[in-house]
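K.L.:
One structure, as structure tokens, below. Some questions next.
The values are calculated or read from the model by the stated rules, or taken from the named source; none is laboratory data. The structure displayed is predicted, hence computed values, not measured ones. Methodologically, a virtual Cβ is constructed for each residue, glycine included, from the backbone with ideal geometry; neighbour enumeration extends over all protein chains shown. Surface accessibility is based on the protein's heavy atoms, side chains included, excluding ligands, DNA and RNA. Shrake-Rupley method; radii C 1.70, N 1.55, O 1.52, S 1.80 Å.
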Amino acid sequence: MTPIFDTTPASIGYAGRSPASRANRRRRWVFGVTLVLAGAASLYWVYSRPAEYQASARWQFAFAERDPSPTERQPAQSEAALLTELQVITSRPLLEQLEGELQRRGLPLPVTQVREKDIDALRRSLQVLPIPGTSIVEVAAEGLTPEPLAPAINTLFKLYQGHLDESHRSRTGDAGGKADEEAAALQARVTQKRRAIDEFRARHNIVSLERDESPVLSQVKGLGDSLNLANEKAATAEGRLKSLRAALAAGKGAVRARDDPTLASLEKRQSEGQEELRSLQRRFTDDYLALDPNVQALRSRLANLGEQVIQARGAGQQAALSEAEEELASARSAAERITQQMNSSRRSVQTFTARLAEYKSMQEELDQLEEQRHAAVTRATALEVSSRRIAPSVQVLEPATLPPGPIRPDYTRDAAIAGAGSLLLALLMVALTEVFNRPERAAPPEWRIEHGWGPTGLPMRTMPPLAFDNTSARQLPELPRSQPDAPLLEASAPMPRELEPHEAAALLDAADAATRPLLMALLSGLTAEEAAALNRADLDFETLMIRLPDRHVPMADLLAQALQPAAGTEDAGSSTPEAPVFSTADRQRHSASDIDTAVAFAAHDASLPRPGEVNAAMLRHGYIAHLVRQGARFSDLSRWVGRLPADALGVYARLAPDGPKRPAETIDPVLPALRQS
């Protein structure tokens, strides 16, 4: 029997505003007012604080010792010298110079207090911190505005460097000044002498002291080389002319065919004709050849070619002789011309030699002045080094830059803390208010609610036995009107367990061939009683529907495939309309308890979590939750799962999505686990 729990407002008995409603209104009012006032005050304090910015730079110091000292004493001496210089950096004279420089540039002083504008405030805004174990110092400046911070640190570095230079000059004294003056005077003389040497060298075209690099001497040397080459060419031409004449007198050929293309062509043609004639003589007799006109023409052509070769060879010999005579005349003419040029350049060579000697003398005087200047510079450097042995040097490793944002306060963190504190204060005020407005505790009603599964496979509530006026109807206790926990009880009922999609798939995979169709039917919305009473006549494979007395259930493809072979077997009693769909091995119809047992076995075989909780009602519950989550209207649920009790609708209402519900035509009535992959 399905219990009916009437939880309408009329049954609860609200009349007007209850004490619980007035208490909730008082709590909300106290909580809201406290939260707003505390939050506004704390946030005003957080954001009213001015932002502070910081810029920093890193300087590296280097120190020299006054006199040689043991190695173990050097770190202590360097540390003491570094601490001394840190006091100099923040001394009043340097800070006054820094203040004047910032005022000249139109920048405010970097101070951390709005009303402080003096030197002491400037000193408090500066931090000079040495990094332990190194000679590096971090110089930081803090202020209410970011613009003057980086210029203040960088300007302070320049002022400190000027202070070091001034200290060095005061320690150097007159000796260093005189040494510098002497070195400067010698430098001026060296510059003047070098300028005079450059003018003298440019005026007389002197490249260097090397004779080979002088233009005049190089020209004379070149003329000598040219004269030697011309004489050599004249001698070669004269020898060639004598050899040609001797060859002609002896009747030898002085011209080679490879040197004359015409002669080479004639000799080639003559050789080819002679070879052709010899070939004919080897094949035919002389009498036959004397009668052949072609042979006679060939012999005539060979005779003509022989005359042309003789003429060409003679012409070539005459041309070679003329060429040798011209070459000899040209070589002799060039030698005479070069000899005349050398005679005319001899006087300029003598003049240049005298200028070169004078240039060498001036260069020696410049070298002496350079040595004197170098000695003076060495003395000045020695004095400077001796004065700087105890003077520190400093360089910037990391210059100061414009800060990207404030370093404090952290508005976001403080605002979060203020909000959390305001929230805690509001909760505390609500608690204090409830302490002073605590109502008298009323006796609890003598009833309770227990959760379980009803016979329809839906979540239900049962109540302990109550007093009845008769034996045919159950009455519910009347809730007191002052009871504060009188809202609908469906909203507080725990949601039954529901199988996940992968758990449903694992359950089907682990079931045997006889149990799998039963699980599919339960996952399609059937109760255990409906599955036990299902007959073959209730299966419509044409429309894929399971026809039940109160509804038609859609039959998934996998379920139809699993039930179709069983519907077509030829076993006795299996094809009759009254045959049960799910039965035992001896053709006996399953009971509801048998179906729950089969589901439990499959859950254990699938290794599901808490398999003892899995039963037919849970599978039907998962199907109903699938429909409700799609936004199905509660009035349409009966067409798939039958009529549901009112108390079950309150449980499923929590699964429905927000917004308007969807019509039945847009709802998918098949679980994803029952679809073919």
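K.L.:
If each residue of separation counts as 0.36 nm, what is the full-extension length gain between Lys268 and Leu94 once their alpha-carbon separation is subtracted?
P.N.:
Additional length available on full extension: 51.9 nm.
K.L.:
Highest mean first, what order results for 514-525, 139-150, 401-412, 124-135 on Cβ atoms within 10 Å?
P.N.:
Those peptides, ordered most packed to least, come out 514-525, 139-150, 124-135, 401-412.
K.L.:
Using a cut-off of 15 Å between beta-carbons, work out the net charge of the residues near Pro672 (Lys and Arg +1, Asp and Glu -1, Pro672 not included).
P.N.:
Taking every other residue near Pro672 into account, the sum is -4.
K.L.:
Just to verify a number: FRET efficiency for Glu138 and Leu37, C-beta to C-beta distance, R0 = 35 Å, to 0.05?
P.N.:
0.20
K.L.:
Quick one: accessible surface of His552, probe radius 1.4 Å, all protein chains present, in square angstrom to the nearest 10.
P.N.:
Only protein atoms counted, so the area is about 90 Å².
K.L.:
Full extension from Thr84 to Thr597: what is 0.36 nm times the residue separation minus their Cα-Cα distance, to one decimal in nm?
P.N.:
175.4 nm
K.L.:
With r defined as the distance between the Cβ atoms of Thr666 and Ala121 and R0 fixed at 45 Å, what FRET efficiency is calculated, to the nearest 0.05?
P.N.:
So the FRET efficiency works out to roughly 0.05.
K.L.:
How would you order 274-287, 363-376, 644-657 from highest to lowest mean count of nearby Cβ atoms within 10 Å?
P.N.:
Highest-to-lowest ranking by the protection proxy: 644-657, 363-376, 274-287.
K.L.:
While we're on this one: Sorted by mean Cβ packing within 10 Å, highest first, what order do the peptides 609-616, 539-546 take?
P.N.:
By packing density, highest mean first, the sequence is 609-616, 539-546.
K.L.:
Rounded to the nearest Å, what's the spacing between the alpha carbon centres of region 607-643 and region 491-531? Just the number, please.
P.N.:
Their Cα centres are 9 Å away from one another.
K.L.:
Out of Ala598, Thr666, Ala531, whose Cα points farthest toward the positive end of the dipole of region 519-677 (charges: +1 Lys, Arg; -1 Asp, Glu; placed on Cβ)?
P.N.:
Thr666
K.L.:
Note the full-extension length gain between Ala196 and Glu166 as 0.36 nm times their separation in residues minus their Cα-Cα distance, in nm to one decimal.
P.N.:
7.0 nm
K.L.:
How far is it, in nm, from the label point at Glu370 to the one at Arg643 when both lie 7 Å from their Cα along the line to the Cβ?
P.N.:
Simple spin-label model gives 12.5 nm for this pair.
K.L.:
Taking the simple approach of a point 7 Å from Cα along Cα-to-Cβ for both Asn24 and Gln630, what is their distance in nm?
P.N.:
3.5
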